[in-house]
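Notes for the one structure printed next.
None of the figures in this text is laboratory data; all of them are computed from the coordinates on show. Note that the structure is a prediction, hence the values are computed from the model and not measured. Cβ: placed from backbone, ideal geometry, glycine included. Neighbour counts: every protein chain shown.
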Amino acid sequence: MSQYTGSIPVEDVHRWKADATQRLLGYTIGISDDAWHEPSPLPGWSRAHVATHLARGADYLTDVVNAVAAGQPQPRQPTRAERRAALEAGADRTGLELQIDLDTSAGALQSAIERVTYWTSPVVLHGRKLILAAVPLSRLHEVCVHHLDLDRDYSPDAIDTDAAAWLLRWVVDRLQDADLPALRVEGESLTAELGRGEDRRRVTGSDARLWAWLSGRLPAAAVSGTDGLQPALLA
């Protein structure tokens, strides 16, 4: 987020994140035990895997916020094997257990963020050197993108336009070094260039749809100018 981090509107992003979390929790209350263990759009993941991933992600960000705010080193991120083991252990639970985990972990992160008074401490997220202000934005992305993965009648078109603008900034920054053909992404709030090559294809759409497409959650037909290109899934 090097080109955006210093100006992230933390209070707004925190509010959008809280709203998105409550919307997700409202949707998940109605998921039956059987439906929790049905496949999600993510290959090899059930809805229960998605919920577990969201909860453990909130736990890690809570630990990051608490440590960095206290002037301590950022906690080590779990290894791929550790994450997979936690995912499999958590996915074999009832709907009630999953719902409680989602709610409790989100609440702990909410409380941790609300205690922060200094947002420019350095952190590392997704291999990028950022500042603490990027944590709520990272979580907003995760909540929204994995709400789509739950496949419960939720569309990126439901996302607040101001929130969608920052989500698009977030994903554009994360894809700066991605192996993509040359793209000129033109949304409602920004224009950005991604990928490599001579002939740039012009891709246009709403901020929300461009964010979802670049995250691998919308088909190419949902935005204009893709020529069938489908980016990889971005967590």
Check your understanding: Quick one: putting +1 on the C-beta of Lys and Arg, -1 on the C-beta of Asp and Glu, what dipole do you get for the range 102-235 around its Cα centre, in Debye to the nearest 20?
Key -> 360
Practice item. Mind giving me the FRET efficiency for residue 70 and residue 233? R0 is 35 Å, r the Cβ-Cβ distance, nearest 0.05 is fine. Key: 0.55
Exercise for review: For the range 161-222, give the share of DSSP beta bridges that are antiparallel, in percent and rounded to the nearest 5; count only bridges with both residues there.
Suggested key: 45
**Study point:** Dipole axis of the chain (+1 Lys, Arg; -1 Asp, Glu on Cβ), positive-most option in 39, 182, 14
**Key:** 182
Exercise for review: Please work out whether the chain counts as rounded, prolate or oblate from its C-alpha gyration tensor, where a ≥ b ≥ c are the square roots of the eigenvalues and a/c under 1.5 means rounded, while otherwise a/b larger than b/c means prolate and anything else oblate?
Suggested key: oblate
Practice item. Return the FRET efficiency for the residue pair residue 121, residue 88: r is the Cβ-Cβ distance, R0 is 35 Å, and the value is rounded to the nearest 0.05. Key: 0.55
**Study point:** Protection-proxy order for peptides 175-187, 201-213, each taking the mean of Cβ atoms within 10 Å per residue, highest first
**Key:** 201-213, 175-187
**Study point:** Two-site label geometry, residue 201 and residue 25: point separation in nm, points 7 Å out along Cα→Cβ
**Key:** 4.1
Exercise for review: Would you list the P(r) distribution for the range 131-181, with all Cα-Cα distances sorted into 5 Å bins from 0 and each bin expressed as a whole %?
Suggested key: 5, 17, 26, 24, 17, 10, 1
Review point. So how strong a dipole does the chain carry about its Cα centre when Lys and Arg Cβ are +1 and Asp and Glu Cβ are -1, to the nearest 20 debye?
Key: 640
Exercise for review: Throw me the Rg/Rh for the range 183-235, computed over C-alpha atoms with Kirkwood Rh, two decimals.
Suggested key: 0.92
Exercise for review: Just order 220-230, 45-55 by mean Cβ neighbour count inside 10 Å, highest at the front, would you?
Suggested key: 45-55, 220-230
